[in-house]
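*Asks:* I have a structure I would like to understand better, so I am pasting it below and will then ask my questions one at a time.
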Amino acid sequence: MRILVVEDDPILSDGLRAGLGLGGATVDCVGTCVDAEAALATSAFSAIVLDLMLPDGSGLDVLRGLRGRKDRTPVVLLTARDAVADRIAGLDGGADDYLGKPFDLDELSARIRAVVRRASGRAAAVLEHGGIRLDPGSLAVTVDGVPVGLSRREVMVLAALMERPDVLRSKAELEERLYGWQEEVESNAVEVHVHNLRAKIGKHAIETVRGLGYRMRASA
Amino acid sequence: MTSLRVRLFAILLLATGLIWLSAVAWIYLGSKREVEQVLDTRLQEAARMVGSLVGAVGGTTSDGTPSTFPGPTAYERQLSCQIWSLDGRMVARSSGAPERRLTDAPAGFSEREVDGETWRVFTVEDAEKGVRVMVGDRLGLRERLVTDLIMGLVTPALLVVPFLGMLIWASLGRGLRPLRLMARDLAGRDADDMSAIDAGRTPAEVRPLADALNGLFLKVEAARRHEREVTAFAAHELRTPLAGLKTQAQVAMATTDPDVAKAALRQILAAVDRTTRLVRQLLDAARLDAAGESPTLAEVDVGALVAETVDGMRMPAGVRTLIDPGLRGYTLRADAESLRLAVRNLHENAVHHMDAGTVEWLARPDGEGMLVRDEGPGIPAEELPHVTTRFFRGRHKSATGSGLGLAIAEMASRRSGLSLRLRNRPDRPGLEVEILRA
């Protein structure tokens, strides 16, 4: 899961990068409306965490621009103003959820997972395919009821594939979801993660479509 | 509490009474003079009339006693007449006249006390007939005549006074109605109803009061709005660092990586420092707000104040402070506490916008104030007019800024009667702030 955090406070922004990262997400942080527009224009995100009061404008403007482009990326608003009118303006402006500062990091993570799940049209929180269960909250993975120890990146690759099991995910798409801008991506990183995953959850769980990408193998 | 109605009532009644009294006095004096004149003329005429009726002295009765002749009935009580021969015998007297001689004056008007009453007497001497005719009336009677006249005037007036009082009282009530209505309108208001009083309905005399109240309402409303805005901004500015603190604390607790935990703890420390400064600035701003308009101005040694203020502050490794020797002993007329606030916030502002470089405090060569300049990025020209607005944070805001520092510096300078001028340095990137004598 790749998340864009639009927050001008450096300490909070840094905290969100680290905190949401602990929850298995890749986080990119920007501090202004202009930078947010630029980030949204160049990369796809699973969700956006948006502060309302930004130095060069209101987060609501970014939100309106996003919805104006028919971009349905889920958005969680963060704001220090918790007047009801502000909440209504935020939700009517196209936000999926709303949190007042200061908030609980775990609650923010849960809300982000919820809006992402809703956006992908799933009802259940836990991803299931064949005998594999992935809980996005705890990042715990079991195969036929037996817990499997996976690295953070491995869980993220698996989650990306399991969200829409029948859809092909290209290598570039997976890379983008795994790595933020500042991170160096080794050219064969995705292949390595998929290889390791197969070793841990079963050789035939993930199918490779040569030249196109990866998907979960239809369960027998 | 003094009642305007009672006061006006008393004034009006007193004034009316005074006017009436003066009128009565005037009428009294005027009438008295008039009555005296009329009665004196009457005396003269009566004396001459009697004189013309009297025959020669030889007409005395044979027994030598003076004859009494009856006077006209209307004169009976008021006028008395005596006829004396020139050699001092009483020839005749009217029925009511005293027996003693009314006057010793040979002719004309005279006054004399006879039998305990003062008489005014007119004497006519007729040498041919050898008689002296004296006609007199009692002054007491004259006095009573005037008094009766005055009483005739005053009695109805006194009877009218209660009615007049009632009329004045009722009229005052009617006349003061607009004031009462305004008071009722104001008394019935909610505490936050700051709408203007309808000036069209108020009479001209109450208009200044209504206008003054409307002006006050506007000021109170503006102050309230300002307070609400400040509170909203303060909430925002406090909650964001608190959110940062909480998030970093949760990261520190959740992570298993000691490096991540350490970084988070460092961030927590920074957040605490920053929140501490923010709270201090909020309190400073609140104190400046509350301090009002009565600073204690004195000549302040600016050099010493800057040195003292700057000394106590923690500086980043790369930043140093230079205080111009020309500032030593330089004085400005200011409120020392306010000026200290201004200096501290300007210095902090300068330091927070620089990674490395020098913050310089200088006296202006023309002696009109002092200035501080830094080697930070400066402020974009279009943001310069806004940076002294509370909580305004421009594009070059520092990571730890609150948007309050320059606002406090401006407020504090203004309180000291000084003005703040901000501009970007012409020689290199950086901000230059001047504190100028007004």
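The values are calculated or read from the model by the stated rules, or taken from the named source; none is laboratory data. Quick caveat: nothing in here was measured; it's all calculated off a predicted structure. Because the Cβ atoms are built from the backbone with ideal geometry, glycine has one as well, and the counts that use them run over all protein chains shown.
*Asks:* Kindly indicate which of B:ARG373, B:ARG437, B:ARG425, B:ARG414 is more than 14 Å from chain A (Cβ to nearest Cβ) and farther than 30 Å from B:ALA298 by Cβ.
*Replies:* B:ARG425
Each row is one residue, and each column tells you yes or no for (1) in contact (Cβ under 8 Å) with a residue 12 or more places away in the chain; (2) within 14 Å of chain A (Cβ to nearest Cβ).
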site	(1), (2)
B:ASP190	no, no
B:ILE197	yes, no
B:LYS219	no, no
B:THR231	no, yes
B:ALA234	yes, yes
B:ARG239	no, yes
B:ALA243	no, yes
B:GLN248	yes, yes
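*Asks:* Please specify each residue of the range A:134-143 satisfying the condition of being surrounded by fewer than 18 Cβ atoms within 10 Å (Cβ to Cβ) and over 15 Å from the mean Cα position of the chain (by Cα).
*Replies:* A:ALA140, A:THR142, A:VAL143 - these are the residues of the range A:134-143 that are surrounded by fewer than 18 Cβ atoms within 10 Å (Cβ to Cβ) and over 15 Å from the mean Cα position of the chain (by Cα).
*Asks:* If only one of A:ARG117, A:ARG133, A:ARG113 is basic (Lys, Arg) and under 25 Å from A:THR42 (Cβ atoms), which one is it?
*Replies:* Being basic (Lys, Arg) and under 25 Å from A:THR42 (Cβ atoms) holds for just one of A:ARG117, A:ARG133, A:ARG113, which is A:ARG113.
*Asks:* Of the residues that sit in the range B:285-313 and are in contact with a strand residue (DSSP E or B) (Cβ under 8 Å, 6 or more places away or on another chain) and among the aliphatic types (A, V, I, L, M), which one is surrounded by the most Cβ atoms within 10 Å (Cβ to Cβ)?
*Replies:* This residue is B:VAL306.
*Asks:* Would you tally the residues in the range B:320-331 being closer than 23 Å to B:THR358 by Cβ and touching a strand residue (DSSP E or B) at 6+ places or on another chain (Cβ under 6 Å)?
*Replies:* Final tally of qualifying residues: 8.
Table: residues versus (1) part of a helix (DSSP H, G or I); (2) more than 18 Å from A:ARG72 (Cβ to Cβ).
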| site | (1), (2) |
| --- | --- |
| A:ALA18 | yes, yes |
| A:ASP28 | no, yes |
| A:ASP35 | yes, yes |
| A:ALA38 | yes, yes |
| A:ALA41 | yes, no |
| A:ALA44 | no, no |
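*Asks:* Can you find a residue that is in contact with a Leu (Cβ under 6 Å, 6 or more places away or on another chain) and outside any strand (DSSP E or B) anywhere in the range B:415-431?
*Replies:* Yes, that holds for at least one residue.
*Asks:* Now for a different question. Determine, yes or no, whether B:GLY173 is at pLDDT 80 or above and farther than 30 Å from A:GLY15 by Cα.
*Replies:* yes
*Asks:* Out of B:ALA252, B:ALA298, B:ALA290, B:ALA285, which single residue is among the small types (Gly, Ala, Ser) and within 14 Å of chain A (Cβ to nearest Cβ)?
*Replies:* Answer to the selection: B:ALA252.
*Asks:* Condition test on B:LEU265, is it closer than 30 Å to B:ARG344 by Cβ and either buried (at least 18 other Cβ atoms within 10 Å of the Cβ) or more than 9 Å from chain A (Cβ to nearest Cβ) (or both)?
*Replies:* yes
*Asks:* A further question follows. Name the one entry in B:THR240, B:THR231 that is of a type in the set (Val, Ile, Thr) and more than 27 Å from B:ALA263 (Cα to Cα).
*Replies:* B:THR231
*Asks:* Tell me the residue from A:VAL126, A:VAL84, A:VAL116, A:VAL146 that is at pLDDT below 90 and surrounded by 18 or more Cβ atoms within 10 Å (Cβ to Cβ), please.
*Replies:* Being at pLDDT below 90 and surrounded by 18 or more Cβ atoms within 10 Å (Cβ to Cβ) holds for just one of A:VAL126, A:VAL84, A:VAL116, A:VAL146, which is A:VAL116.
*Asks:* Output yes when any residue across the range B:245-260 is loosely packed, with under 14 Cβ neighbours inside 10 Å and within 56 Å of the chain's Cα centre (by Cα), and no when none is.
*Replies:* No, every residue in the range B:245-260 fails to be loosely packed, with under 14 Cβ neighbours inside 10 Å and within 56 Å of the chain's Cα centre (by Cα).
*Asks:* Which residues, taken from the range A:29-56, are surrounded by fewer than 20 Cβ atoms within 10 Å (Cβ to Cβ) and more than 14 Å from chain B (Cβ to nearest Cβ)?
*Replies:* A:GLU37, A:ALA38, A:ALA39, A:ALA41, A:THR42, A:SER43, A:ALA44
*Asks:* Follow-up. Under the condition of being surrounded by fewer than 14 Cβ atoms within 10 Å (Cβ to Cβ) and within 24 Å of B:LEU8 (Cα to Cα), which residue from the range B:188-206 is farthest from the chain's Cα centre (by Cα)?
*Replies:* Going through the qualifying residues, I end up with B:ARG201.
*Asks:* Here is a further query. Go through the range B:268-282 residue by residue and tally those that are more than 11 Å from chain A (Cβ to nearest Cβ) and surrounded by fewer than 17 Cβ atoms within 10 Å (Cβ to Cβ).
*Replies:* Final tally of qualifying residues: 3.
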